[in-house]
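Please read the structure below before turning to the comments.
The values are calculated or read from the model by the stated rules, or taken from the named source; none is laboratory data. What you are looking at is a predicted structure, and each value in this text was computed from that prediction instead of being measured. Neighbour counts are summed over all protein chains in view; Cβ atoms, including those assigned to glycine, are modelled from backbone coordinates with ideal geometry. What goes into the accessible areas is simple: the full protein's heavy atoms, side chains included, and nothing from ligands, DNA or RNA. Shrake-Rupley method; radii C 1.70, N 1.55, O 1.52, S 1.80 Å.
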Amino acid sequence: MGTFKLGINMAGAVSAGAYTAGVLDFLTQALDEWYAAKDAGQPVPRHDVSIEVFSGASAGGMCAAIAACQMQEDFEHITDATKTGTNNRFYEGWVNKIDIRELLLTNDLKNSTQVASLLDSSVIGEIAQSSLQPGGKVRRKYVSDRLTLFLTITNLRGVPYGVYEDPADAAGPDEHVTYHADRLRFEVVDAGCPATAPDAQALPRNGVPSDDPGWTVLRTGAMATGAFPMFLAPRILKRPVRDFMTRPPWVPLCAPAPDSSSILPAWPLEPPAELETVNVDGGMTNNSPFALNHDYLATLDPQPPQKCRNPRGADEADRAVVTVAPFPAASVYDPAFNAPKESGLLAVMGELYSALLSQVRFYAESLGMATGGETYSRFFIAPSGPIVNPQADPSSQSALQCASLGAFGGFLERSFRAHDFLLGRRNCQAFLQNHFVLPSTNVVIASGLSGLSDEQKAELFTNFGPGPKDGKNRVQIIPLCGSAKPEAASPVQGKIQEKSVDDIVDLISGRINALLPFIAGGLQNPVLRFFFPKGIKMLLSWFGGKAEIKAYLMRQLGPSVSQ
């Protein structure tokens, strides 16, 4: 029976990781139901699917890490987002446990001599500890025995590479560049077995303690990929130097590795066995690691006819990357753009961050093929539904409630995260039913239809496809069966009480007051140390203080605030 190989790539999303978590929840439910129907001998498509790789950055990387664990356990799928205390790690981590009220505490400042981040990241560590534990004993047939995981991180220390060395002057200056777009690679294995890739960290499935080296690195790596700079604490990783010497990170995984002696990091003559690095959000350098996912799929047997190019045609496609993108471009063309006005210092400062963030979210490698409609090796799931705030500027409008406040809005209110989780489930169902389909002539689909009568095939086309299109009968790659079949209800938009906004403003004020002495303590000049906290408080008061903070939040949250 033919097998369709699948890679799931998850882009950065900040608090809209709740949407990605909902997508993963429904995807698992649909696969579980389909395989149960096949095992029961029900009249469903008989081809197979194999999830081979997860990849992710920032919030998407955290979801990818949870998925590597959750796939090894039975868990409850969530249709009622009022529940608490479930065994669904996607839901608990992204809906029930993360919240701005925890992020505005001061637990991180106790017994500390320096400030690591503007927000208290203690709860991030607690979620990682509870969510990323060695898996159970469930072996899903649709999950590869060598499931691979890629997390992008931004390595602030960086890896130095020599560009030029004067052969006539050994003591002369060298030209060096530093590479910061780092990544972590993991491979789920049976206990006691090593990873097959030389730069991969083994994640034993079961029978190992929670402090197993691989799982410890996974927890730290998941926190690192989601460490939004300045707001969340950076994470320190100790990496074997060999991780950086197997293949230059910019060389595709599916391409032949160059002569390692010609492109080595510019280490000392006797480098240490481990390299200690400080790492922040992977989305700063690679917000959607599509290429890692795509290139890994291209290394799997049967090898694609063309090197580093997965089969794209409707009949030939036997593998695909599905990218969950909570923030596809939200930019809107502005016909009234005033270049002279926008070239001022303050305007440029304000737009620079947006430009950098938009650029790392730009999917240039897939834009043409994804919009052309004839490429079947890459697919996207993006938010679709009623606009949360129709009165907002068009560039800020979104179907996500977590999209406000630069995507930090979901941290303010649980019902926002619950809405986006359920929206992710609903959008995933629609994607599987109507878009993630292949014709009956496809090499994998046809293998699952072989031996059936024309009448039986027609029944499958009716029950498990969007209907005839372009004269071809099409079948869902992941057929919707059982509890995954009925249409998911539209989520109800959440509301935040104005009193909750007041409470959050008080917490923000308290957090600022707690941070100021620590920041001042890092100043060398004793006069500055004394006056800095007072000056900041005076400045905040001059700009309106708590009243202006509340007014800003109210404007950003719009109709989601309940009086």
>> For segment 458-466, check the following and say yes or no: at least one residue is closer than 18 Å to residue 379 by Cβ and out of contact with any strand residue (DSSP E or B) (no Cβ under 7 Å at 6 or more places or on another chain).
In response: no
> Only one of (1) open to solvent by less than 10 Å² (accessible area, probe 1.4 Å); (2) under 30 Å from residue 304 (Cβ atoms) is not met by residue 46, so which one is it?
Replying inline: (1)
> Can you pull out the residues in segment 230-259 that are touching a residue at least 12 places away in the same chain (Cβ under 8 Å), closer than 17 Å to residue 199 by Cα and open to solvent by 60 Å² or more (accessible area, probe 1.4 Å)?
Replying inline: 238, 242, 245, 250
> Residue check, residue 453 against (1) touching a helix residue (DSSP H, G or I) at 6+ places or on another chain (Cβ under 6 Å); (2) farther than 24 Å from residue 313 by Cβ, all met but one. Which one?
Replying inline: (1)
> Scanning segment 93-144 for residues that are outside any loop (DSSP other than H, G, I, E, B), over 15 Å from residue 235 (Cβ atoms) and among the β-branched types (Val, Ile, Thr), which turns out least open to solvent (accessible area, probe 1.4 Å)?
Replying inline: 95
> If you take just the helices (runs of 4 or more DSSP H) that sit entirely in segment 483-563, which of them hold at least 1 residues that are at pLDDT below 80 and of a type in the set (Val, Ile, Thr)?
Replying inline: 498-521, 526-542
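Under 22 Å from residue 155 (Cα atoms), open to solvent by 10 Å² or more (accessible area, probe 1.4 Å), aliphatic (A, V, I, L, M) and free of Cβ contacts under 8 Å to residues at least 40 places away in the same chain, is that true of residue 280?
Numbers: under 22 Å from residue 155 (Cα atoms): yes; open to solvent by 10 Å² or more (accessible area, probe 1.4 Å): yes; aliphatic (A, V, I, L, M): yes; free of Cβ contacts under 8 Å to residues at least 40 places away in the same chain: no.
No; evaluated as a whole, the condition is false for this residue.
Within segment 407-468, considering only helices (runs of 4 or more DSSP H) that don't extend past its boundaries, which have at least 2 residues that are in contact with a His (Cβ under 8 Å, 6 or more places away or on another chain) and open to solvent by less than 20 Å² (accessible area, probe 1.4 Å)?
Per the criteria, 443-449.
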